[in-house]
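Here's the structure we're looking at; comments come further down.
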Amino acid sequence: MHNRALPYLLTLPSLILAAVVIFWPVVDLIQIATHDVSRFGQLRDFNGVANFSALVADPDFIKALLRTGVWTAAVVGGALLVSIPVAVILNTDFYGRSVARVIVMLPWAVSLTMTAIVWRWALNGESGMLNSALRGLGLADQNIQWLASAATAFPMQIMIGILVTVPFTTTIFLGGLSSIPDDLYEAAALEGAGPVQQFKRITFPLLKPFVNIAIVLNTIYVFNSFPIIWVMTQGGPANSTDILVTHLYKLAFRVGKLGEASAVSLVMLAILLVFTAIYIRLAMRGERA
Amino acid sequence: MAISKWKSGLLAGLSVLALAAQANAGEVRVTVAEYSSKTGPYFQEVEKAFEAANPGIDVKFEVVPWDVLLQKLTTDITAGTNADLSIIGTRWLIDFVQQDVAEPLDSYITPDFKGRFIDTFLSPSIMDGKTYGLPIAASARAMYYNKELLEKAGVANPPATWAELKDAAAKIKALGGENYGYGLQGKEIETDVYYYYAMWSQGSEILDKDGSSGLDSAGAIEAAKLYKSLIDEGLTQPGVTSYAREDVQNLFKQGKVGMMITAPFLSNQIKEEAPNLKYGVAAIPAGPTGARGTYGVTDSIVMFKNSKNKDEAWKLLDFLFQTDWRAKFTQGEGFLPVNKEEAKMDYYVNNADLAAFTALLPDARFAPVIPGWEEIAQITSDAMQKVYLGEGDPEALLKEAAAKADGILKK
């Protein structure tokens with residue numbers, strides 16, 4: 001008979017490490033979030049949920065919360081839509097494929113902050129590359145002030161978010177595609193299935209677990225992503241492009257409300273936990289069926 | 001796998017221990033703000049010269065970009081790993097004093113040492129009669145104008161009032177092309193300050209005499225309407241809410257902007273990046289009653305209460321505030337002199353640009369010393385961005401902001 005405790009014993013070291021690395025900060029956060037905290041992190045009185053109710057009463061927080069949903073859904077969804085065809089194309093054999101793969105991966109190699117800074121320059125109203133390109137092509141007869149209002153700034157930020165998420169997503173899909181045996185396609189072709197049918201009946205269903213993993217990982221990553229929005233607009237003008245992380249940063253380090261900032265970060269953690277749990281359960285159920 | 005994780009865990013643990021044990025005897029750690037690419041090399045030089053003159057004291061400068069300085073200090077102090085000395089924005093000092101992390105320096109300061117400073121710049125670092133910091137950098141704001149643009153537009157003298165400024169801006173706009181009259185900052189740090197210039201000239205103050213917010217006063221509303229009218233009539237660069245201070249300065253260096261208000265360091269930048277630009281520096285425009293105000297800023301160097309090497313740290317401060325070292329720093333960064341002896345040097349006396357700044361010092365306002373000031377500044381910036389974007393009536397937006405600010409002031 002197997003020793004039932006053995007698996008637990010074997011995973012114990014990593015569990016302890018995870019506990020130290022993950023639970024300790026979370027316990028710390030809970031402490032800060034439930035206390036009146038000085039600007040430099042000294043805990044004063046226990047104040048229960050006061051920090052949380054202050055958040056709910058703050059319209060900027062609610063707006064940032066909703067905007068984070070839009071941001072995450074748009075970036076993750078957009079990256080998915082772009083990455084599947086890109087991965088399928090990169091998986092076919094064509095001349096210069098390795099060069100194309102390198103080009104697609106390049107944005108990944110550049111630090112996110114650098115990418116955002118370059119885009120901030122490119123979107124400059126007076127001397128930005130994008131405006132001069134648009135004017136040169138005759139697509140615009142006036143400079144567009146991209147970052148001056150959320151109506152243009154936020155869609156641009158989403159686009160950049162998609163751009164930098166595509167390499168990672170494509171890599172996952174390429175791995176998935178290479179695990180699909182060629183025989184399936186040969187057999188399908190013999191039976192007379194066209195490329196569209198092959199994609200719908202073979203590629204996509206077999207890629208599904210990889211799509212699920214990409215959605216979960218990207219959601220966690222994009223939800224917490226700070227540099228693009230911070231570098232380009234700092235969540236402005238007038239907090240109109242704030243997402244939860246930038247709101248948190250301002251609360252903690254501009255205004256010095258560490259208690260409320262910790263509360264935001266706990267809310268973020270809770271949202272991600274719930275999302276991941278629900279999503280993984282749904283995805284698993286789909287797989288078993 | 002598990003073993004390597006253990007190892008890295010141990011290593012992480014050891015490095016935490018190492019951090020805690022960092023305060024060796026005779027070691028002075030200093031956090032300094034990176035004002036420009038010259039800051040790092042300057043403090044390296046200081047380190048060499050000071051260590052040569054004081055064997056046994058080991059100085060370590062940590063150069064931190066301005067944008068993250070407050071964040072670094074907050075986390076360092078929270079974790080108890082802060083340096084012995086640090087440069088801070090003087091407007092943050094009240095938090096440091098109230099939280100009891102700053103050491104009063106009075107026991108070290110001799111009358112002779114105190115006499116080295118210009119009072120205007122030392123006084124913001126004094127609270128409740130105690131000196132908590134020494135002004136390491138000082139700055140004020142004045143109006144830069146592009147001589148060539150004004151000449152082309154037929155404006156003989158730099159505008160002295162906001163009415164004249166508006167008039168000059170309209171003439172520059174009439175030149176056509178990508179020329180903008182008044183460079184208006186609408187993004188990031190000091191967006192609120194850019195509005196105060198107009199507000200002060202209307203006779204309003206950040207805080208009313210009774211200590212409540214002055215944002216809902218008649219002058220403040222008038223100033224917001226003035227800026228809004230400049231935007232609406234196309235007398236500023238388009239899309240002001242996408243222009244941080246550096247962006248407006250870049251426009252000025254490119255010769256596209258007629259007038260803008262900023263700090264003395266722009267002169268240094270123009271000398272290096274746009275040496276052919278013909279510009280002048282003048283007073284900030286006055287309002288209808290002749291009132292005007294500029295923004296005075298000092299950064300202070302403070303000693304932390306938990307420093308274990310206070311005497312050594314003080315030696316370093318004494319060294320830093322010698323005339324020669326001060327002059328080298330101030331001139332490299334483009335600040336104003338804070339030492340009396342330094343101010344008498346030819347470099348400052350014969351410098352027309354700097355003279356315009358020092359002439360404005362009697363009208364200088366420093367950021368009010370109140371807790372929660374950063375939050376009030378943020379509220380003001382947000383309100384102004386809404387005004388600039390046209391997201392509401394200036395009067396209503398300012399009254400709303402004043403109410404929010406009052407809520408913080410009452411705490």
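Please compute the modelled spin-label separation between A:LEU137 and A:ASP183, points set 7 Å along Cα→Cβ, answer in nm with one decimal.
4.7
Contact order normalised by length for chain B, with contacts defined as Cα pairs under 8 Å and 6 or more residues apart; what percent is it?
Values: 659 pairs, mean separation 99.9, N = 411.
In percent, rounded to a whole number, it is 24.
May I ask for the percentage of alpha-carbon pairs in region A:229-289 that lie more than 12 Å from each other? Present the calculation step by step, with values, prior to reporting the outcome.
Values: 1308 of 1830 pairs.
More than 12 Å apart: 71 percent of the Cα pairs in region A:229-289.
Could you go through region B:237-244 in sequence order and give the Karplus-derived ³J(HN,Hα) for each residue, using 6.51 cos²θ - 1.76 cosθ + 1.60 with θ = phi - 60°, rounded to whole Hz, and x for Gly and Pro?
5, x, x, 4, 6, 9, 10, 7
Going from the alpha-carbon gyration tensor of chain A, what semi-axes, largest first and in whole Å, does one get by taking the root of 5 times each eigenvalue? Don't skip to the end; give the middle numbers.
Values: eigenvalues 287, 209, 48 Å².
So the equivalent ellipsoid measures 38, 32, 16 Å along its semi-axes.
Would you calculate the separation in nanometres between label points at A:SER14 and A:THR152, each defined as 7 Å from the Cα along the Cα-to-beta-carbon direction?
It is 4.9 nm.
To the nearest µm²/s, what D does Stokes-Einstein give for region A:185-289 at 25 °C and 0.890 mPa s, using the Kirkwood radius over alpha carbon pairs as Rh?
Values: Rh = 17.0 Å.
Calculated translational D: 144 µm²/s.
Any idea of the accessible area per residue across the protein assembly as shown, 1.4 Å probe, to the nearest Å²?
On the way: 32620 Å² over 700 residues.
Per-residue value: 47 Å².
In whole angstrom, how far apart do the alpha carbon centroids of region A:1-78 and region B:247-315 sit?
So the two Cα centres are separated by 41 Å.
Largest first and to the nearest Å, give the Cα extent of the protein assembly as shown along each principal axis.
91, 66, 49
Short version: ³J(HN,Hα) in whole Hz for each residue of region B:379-385, in order, from phi by Karplus 6.51 cos²θ - 1.76 cosθ + 1.60 (θ = phi - 60°), x for Gly and Pro, what are they?
Karplus values, whole Hz, x for Gly and Pro: 4, 5, 4, 4, 5, 5, 4.
What whole-number volume per residue, in cubic angstrom, does the convex hull of the C-alpha atoms of region B:41-88 give? The partial results should precede the final answer.
Details: hull volume 3.6 nm³, N = 48.
Each residue corresponds to 74 Å³ of Cα convex hull volume.
Compute the angle between helix B:191-201 and the longest alpha-carbon principal axis of chain B, please, reported from 0 to 90 degrees and rounded to the nearest 10.
Result, in degrees: 50.
Which translational diffusion coefficient, to the nearest whole µm²/s, is obtained for region A:39-114 from the Stokes-Einstein equation, given a Kirkwood hydrodynamic radius over C-alpha pairs, 4 °C and 1.567 mPa s? Present the calculation step by step, with values, prior to reporting the outcome.
On the way: Rh = 17.1 Å.
It comes out at roughly 76 µm²/s.
Which whole-number percent is the relative contact order of chain A (Cα, under 8 Å, 6+ apart)?
Relative contact order for chain A comes out at 28 percent.
Which semi-axes, in whole Å and largest first, does the equivalent ellipsoid of region A:37-164 have when worked out from the alpha carbon gyration tensor as the square roots of 5 times its eigenvalues? Write down the numbers at each step before the final one.
Details: eigenvalues 287, 108, 45 Å².
Taking √(5λ) for each Cα gyration eigenvalue gives 38, 23, 15 Å.
Return one number: the angle in degrees, 0 to 90 and rounded to the nearest 10, between the long axis of the Cα atoms of helix B:162-174 and the longest principal axis of the Cα atoms of chain B.
Between the helix axis and the principal axis of chain B, the angle is about 70 degrees.
Return the carbon/sulfur percentage of the accessible area of chain B, one whole number, probe 1.4 Å, all protein chains in place. Provide the component values of the computation, followed by the final result.
On the way: 9080 of 16960 Å².
Answer for chain B: carbon and sulfur cover 54 percent of the accessible area.
Under a Cβ-Cβ cut-off of 14 Å, what is the net charge of the residues other than B:SER217 that fall near it, where Lys and Arg count +1 and Asp and Glu count -1? Before the final figure, lay out each step's value.
Details: positive: B:LYS209, B:LYS225, B:LYS399; negative: B:GLU205, B:ASP208, B:ASP210, B:ASP216, B:GLU222, B:GLU395, B:ASP406.
That works out to -4.
Please report the antiparallel percentage of DSSP beta bridges with both residues in chain B, rounded to the nearest 5.
Details: 25 of 42 bridges.
Approximately 60 percent, going by the DSSP bridge assignments.
For region A:127-168, just say rounded, prolate or oblate: build the C-alpha gyration tensor, square-root its eigenvalues into a ≥ b ≥ c, call rounded for a/c under 1.5, and beyond that prolate if a/b exceeds b/c, oblate if not. Intermediate results must be reported in sequence, preceding the final value.
Working: a/c = 3.05, a/b = 1.61, b/c = 1.89.
In terms of gyration-tensor shape, oblate.
Am I reading the A/B interface right? What is its buried accessible area, both sides, 1.4 Å probe, to the nearest 100 Å²? Intermediate results must be reported in sequence, preceding the final value.
Working: alone 17180 and 18390 Å², together 32620 Å².
Between A and B, the summed buried area is about 3000 Å².
Hey, what D do you get for chain B in µm²/s if you plug the Kirkwood alpha-carbon radius into Stokes-Einstein at 25 °C and 0.890 mPa s?
Taking Rh from Cα pairs, D becomes 107 µm²/s.
If amide H atoms are built 1.01 Å from N in the plane of the peptide, which residues on other chains or at least 5 residues away come under 5 Å of the amide H of B:LYS60?
Long-range HN contacts for B:LYS60: B:VAL28, B:ARG29, B:VAL30.
Could you tell me the accessible area of B:ARG245 in Å² (1.4 Å probe, neighbours in place), rounded to the nearest ten?
We get 40 Å² for B:ARG245.
State, to one decimal in nm, how far the label point of A:ARG285 lies from the label point of B:LYS152, with both points 7 Å from Cα in the Cβ direction.
6.9
Output ³J(HN,Hα) for region A:236-252: one whole-Hz value per residue in order, computed from phi by the Karplus curve 6.51 cos²θ - 1.76 cosθ + 1.60 with θ = phi - 60°, and x for Gly and Pro.
Karplus-based 3J(HN,Hα) across region A:236-252 equals x, x, 6, 6, 7, 10, 5, 10, 4, 5, 5, 4, 4, 4, 5, 4, 6 Hz.
Hey, can you grab everything whose amide H is under 5 Å from the amide H of B:THR262? Only 5+ residues off in sequence or another chain; H modelled, so Pro and N-termini drop out.
Correct list: B:ALA142, B:TYR144.
Could you tell me what percent of the DSSP beta bridges with both partners in the protein assembly as shown are antiparallel, to the nearest 5?
Working: 27 of 44 bridges.
Counting DSSP beta bridges with both partners in the protein assembly as shown, the antiparallel share is about 60 percent.
Distance cut-off 30 Å, Cα to Cα: go down the list B:LYS271/B:LYS305; A:LYS257/B:LYS315; B:LYS114/B:LYS305; B:LYS173/B:LYS225 and report the pairs above it.
Values: B:LYS271/B:LYS305 41 Å; A:LYS257/B:LYS315 35 Å; B:LYS114/B:LYS305 21 Å; B:LYS173/B:LYS225 20 Å.
Over 30 Å Cα-Cα: B:LYS271/B:LYS305; A:LYS257/B:LYS315.
For region A:90-114 and region B:146-212, what is the separation of their C-alpha centers, rounded to whole Å?
One Cα centre to the other: 49 Å.
Amide H of B:ALA364: which non-local residues (sequence gap of 5 or more, or other chain) have their own amide H closer than 5 Å, using H built in the peptide plane?
Amide H neighbours of B:ALA364: B:THR294.
Taking Cα atoms, how many degrees apart are the long axis of helix B:394-409 and the longest axis of chain B, rounded to 10 and kept between 0 and 90?
Helix B:394-409 sits roughly 20 degrees off the main axis of chain B.
What are the extents of the Cα atoms of region B:228-365 along their three principal axes, listed from largest to smallest and rounded to whole Å?
59, 36, 35
Please identify the helices of chain A, taking whole runs of DSSP H, that span at least 30 Å along their own axis as judged from the Cα atoms and have a mean Kyte-Doolittle score of 1.0 or higher. Mind dumping the intermediate values first?
Numbers: long enough: A:59-91 (47 Å, 1.41); A:150-178 (41 Å, 1.49); A:258-288 (45 Å, 1.28).
Membrane-span-like by this criterion, though nothing is claimed about a membrane: A:59-91, A:150-178, A:258-288.
Tell me the mean residue ellipticity at 222 nm calculated for chain A from its helices only (DSSP H runs of n ≥ 4, each -39500 (n - 2.57), averaged over every residue, nearest 500). Don't skip to the end; give the middle numbers.
On the way: 14 runs with 201 residues, N = 289.
Only helices count here, giving -22500 deg cm²/dmol.
The values are calculated or read from the model by the stated rules, or taken from the named source; none is laboratory data. Here the structure is a predicted model, which is why all the values come from computation and not from measurement. A quick note on method: Cβ atoms are made from the backbone with ideal geometry, for glycine too, and the neighbour counts reach across all protein chains shown. Ligands, DNA and RNA are excluded from the accessible area calculation, which covers all protein heavy atoms including side chains. Shrake-Rupley method; radii C 1.70, N 1.55, O 1.52, S 1.80 Å.
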